[in-house]
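What follows is calculated from the coordinates using simple rules that are stated; it is not laboratory data. Bear in mind that the values here come from a model prediction, so they are computed numbers and not experimental data.
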């Protein structure tokens, strides 16, 4: 199922989030590691302190495993809404923010 997700990144956790996304630890996570990385590469900053992205998830509770293993460490106020509309999300690429986080 496809979800449109909105969340607030935890600013002081961004360097650790980027490290986890690029050091193989998230990528090697099964079954959803590659989807988490792809989702963060698609994520956009849509307003100050807010990111949005689309993510495919088959958990009975949306993003349950993703939140337990990754997202809840680095993001807050996570909202996932089932959608069939996957129109482009407009904003600055979140990945660019992660790359420059210190």
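What number, rounded to the nearest 500 deg cm²/dmol, is the helix-based mean residue ellipticity at 222 nm of the chain, given -39500 (n - 2.57) per DSSP H run of at least four residues and division by all its residues?
-7000 deg cm²/dmol
When a/c is below 1.5 the answer is rounded, else prolate if a/b is larger than b/c, else oblate, so apply that to the chain with a ≥ b ≥ c taken from the square roots of the Cα gyration tensor eigenvalues.
oblate
Return a whole-number percent for the relative contact order of the chain, with Cα pairs under 8 Å and 6 or more residues apart as the contact set.
Across the chain, relative contact order equals 47 percent.
Is the C-alpha gyration tensor of segment 44-102 telling us rounded, prolate or oblate? Criteria: a/c under 1.5 is rounded; beyond that, a/b larger than b/c is prolate, otherwise oblate.
Because a/c hits 1.5 or more and a/b fails to exceed b/c, segment 44-102 counts as oblate.
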